[in-house]
Amino acid sequence: MLATEGMEDEEKWLAEGIAAIQHNAFYMSRALDSDNLREALKYSALLLSELRTSKLSPHKYYELYMRAFDELRKLEMFFREEDRHGCSVIDLYELVQHAGNILPRLYLLCTVGSVYIKSKEAPAKDILKDLVEMCRGIQHPTRGLFLRSYLAQISRDKLPDLGSEYEGEGDTVMDAVDFVLQNFTEMNKLWVRMQHNEPVRLKEKLDKERSELRDLVGKNLHVLSQIEGVDLEMYKDVVLPRVLEQVVNCKDEIAQYYLMDCIIQVFPDEYHLQTLETLLGACPQLQPAVDVKTVLSRLMERLSNYADSSPEVLPDFLQVEAFAKLSSAIGKVIEAQVDMPVVGAISLYVSLLTFTLRVHPDRLDYVDQILGACVKKLSGKAKLEDSKATKQVVALLSAPLEKYTDIVTVLTLSNYPRVMDHLDAGTNKIMATIIIESIMKNDTCVSTADKVEVLFELIKGLIKELDGTATDELDEEDFKEEQNSVARLIHVLYNDEPEEMLKIICTVRKHIMAGGPKRLTFTVPPLSFSALKLVRRLQGQDGDVAGEEVPATPKKIFKLLNETIEALSSVPSPELALRLYLQCAEAANDCELEPIAYEFFTQAFVLYEEEVADSKAQVTAIHLIIGTLQKMTVFGVENRDTLTHKATGYSAKLLKKPDQCRAVYACSHLFWVDDQDGIKDGERVLLCLKRSLRIANAAQQQANVTRGSSGPVTLFVEILNKYLYFFEKGNPQITSSAIQSLIELIKTEMQSDTTTPDKASDAFFSSTLRYVQFQKQKGGLMGEKYGPIKV
């Protein structure tokens, strides 16, 4: 309520002030039109007296000031025309000093002073010095700031600058610089003094008002930057030291932050680069509450943009040792501001790293130095819990990945993993995921065991529990996604040299084995296939070559694989382990290592016997075993007989009769391998097929007893197709009469009242008969073979 009333009062006071200015401006204009100097001065002084008010906020005071400023422009034009008012500019300069009140007097003095300088009847430096000194008469902050702003405005085009009409005859660029610097110093003092004019309880309101006035002070620095005669030498020796002296000595955080930012924004990049030490030297002297990190960040951003836009200046950065100076300044600021939060310090390092990656991308030692400084700042502290600080650390770690796009480069940074150690478990995982995504996106090849070691240290948040975080606490989908990313990473690790590749595999194995049983189902398969790829490359090697020891041999890798897959039994994940054992057996077969292949099959059978309990899993497993065993060519008669006997035995012991039937007829392929040197044991093939027929018949009878119908004849049709396969392959035990009998059996079963009609089975049988008919009609040897069969 009080705030609303205050705003209404302020609007009323502003309206009254504007009305008074308009009233006096009317009479002043009449006096100007009639060339009446005395009346014009009288009403202009009355008009300017309205600027004496202390009731308005800076924002409202500015509106009032602009109304008065517009009228002063008319008055200045009148003063220039001596023939109209009949008074010399020197006399006029004396005359306006007799105005009754000091504020209107000084505004009029500045206005006449502008005309006086333009007339060149006196040196510009003397008039400017007189004006800037006289303005000290106003010590009220708001009124004083606007008065001096007016002085800066009307004098900016009349400074004795290089090439200016006001230069010469004793007027130099130095005079212009002295004038602007003096005006700046006085304005800054007035601006800083504002904080002492109100009670502490109104600090927020006061800070807002000061913020509204800051551009009046900063305008002086802009004027300085526009003076042509201010070259690098003058800026370095005069301008910057004097400005910084004022900034440091004012001891006001609002002024220090704004003015440091002004310096960085208004002066040329080249000047900043050449005076870096001086500018940075002021930073540790600023008040602790000043946001130095933003000041330094903006400076580094400007210098980075300068380097990007002008590559030819890069040697200058090295010459002035920009990185060393920035790094030292940041260290001193952090040391000086003992209460600076961790997030502030890290954000400074992020800015320095960004600067380094843009200006010195080839200097990895600089990058590592920054990371090392960050480690030093974080050392002795617990894991980061501040979300803002954590975000900054992630930005710090992500920057090199984005710049170099090659994780191998990042892996050479010794302090990179040390920074990651300070992240909490959740953020560590996020960072690890970013690293893996970078590798995948850029097709990076990590090709040495040493680099893989460093890489897996970086991503350890994904491959093992950190800080006692249990995997049970993780979201299942998130956990799977994390582990799948690790699996993808394992697949891309590669080296052309077998010895180094084996070292990589051993390094990966060491890390994933420490990851707990739940992760092994995701990480062991890719590692196993990576090792099997290496085995294929080493096919034919089984030990020493030319008397020299070759560390990477298939035998050594198979031993490693056996130990690795064995770990899956603790998960437990027997089906996966069984599949991997069979893959290894196949690879050992290709390397002609019979004992090793037999050992892998033995392990597979042990798992089948002891661990695979689910009936569906047993069916899948036995078919995998049969399929793999069928491709084996390395086994001698004894070993092969043992394994095939086991396979057929387990096939006949499956829980469901249909599953038994299918597994047993699949075993028939173990005795007839269609290679040049393959096994062709027709009798045992027939034995398997007859056994499958008996099982199929038993299945029909069982169905008839339990459901009152014998079910479809699908199993018989499937067995018929096996008969036809071996018949065509030339198995002498499979005769046309046996096929004919089976066809008749199927037809009889289909016509039986107890058989359940089934369209799929009927279509399957019809298709099979059509195939037989097609072979009969084809002619040739095959046609003769199929001739006796009647369909």
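The values are calculated or read from the model by the stated rules, or taken from the named source; none is laboratory data. Since the structure is predicted, the reported quantities are computational estimates derived from the model, not experimental observations. For neighbour counting, all protein chains shown are included, and Cβ atoms are generated from backbone atoms with ideal geometry for every residue, glycine included. Note: accessible area is taken over every heavy atom of the protein model, side chains too, but ligands, DNA and RNA are not part of it. Shrake-Rupley method; radii C 1.70, N 1.55, O 1.52, S 1.80 Å.
Structure notes:
- Helix-only arithmetic for the chain: the sum of -39500 (n - 2.57) across DSSP H runs with n ≥ 4, divided by the residue total, places the mean residue ellipticity at 222 nm at -23000 deg cm²/dmol.
- Accessible surface ranking that places the most exposed of W13, W672 first, with a 1.4 angstrom probe: W13, W672
- Projected onto planes of every orientation and averaged, the convex hull of the alpha-carbon atoms in the stretch 574-653 covers 4.5 nm².
- Gyration tensor verdict on the stretch 195-353 (Cα atoms; rounded if a/c is under 1.5, prolate if a/b is larger than b/c, oblate otherwise): oblate
- Pairs of Cα atoms farther than 46 Å apart, the chain, %: 56 percent
- Listed residue pairs exceeding 18 Å between alpha carbons, taken from K74/K118; K533/K555; K129/K158; K480/K533: K480/K533
- Each Cα pair under 8 Å and six or more residues apart adds its separation to the average, and for the stretch 370-462 the resulting relative contact order is 34 percent.
- Gain upon complete extension [E82, N639; 0.36 nm per residue less C-alpha separation]: 187.9 nm
- The stretch 616-693 and the stretch 240-303: distance between their alpha carbon centers, rounded to Å: 84 Å
- Accessible surface of M440 - all protein chains present, 1.4 Å probe, nearest 10 Å²: 60 Å²
- Its relative contact order, with pairs defined as Cα atoms under 8 Å and 6+ residues apart, puts the chain at 4 percent.
- For S569, the solvent-accessible surface computed with a 1.4 Å probe is close to 60 Å², ligands and nucleic acids excluded.
- Note on D674: accessible area approximately 80 square angstrom, rounded to 10, probe 1.4 Å, nucleic acids and ligands left out.
- Relative contact order of the stretch 442-532: 41 percent, from C-alpha pairs under 8 Å at least 6 residues apart in sequence.
- Over the chain, accessible surface divided per residue gives 47 Å², non-protein components excluded, 1.4 Å probe.
- Across C250, C584, the residue with the most accessible area heads the list, and the full order at a 1.4 Å probe is C250, C584.
- C-alpha center-to-center spacing [the stretch 132-201, the stretch 331-394] in angstrom: 40 Å
- Ranked order, H222, H511 - accessible area, probe 1.4 Å, largest first: H222, H511
- Placing unit charges on each Cβ (+1 for Lys and Arg, -1 for Asp and Glu) gives the stretch 123-267 a dipole about its Cα centre, and among G137, I264, H222 the Cα reaching farthest toward its positive end belongs to G137.
- With 18 Å as the limit, the listed pairs K189/K219; K510/K559; K653/K690; K376/K403 have K376/K403 beyond it between alpha carbons.
- When restricted to Cα atoms, the stretch 123-267 yields an Rg and a Dmax of 15.5, 54 Å, respectively.
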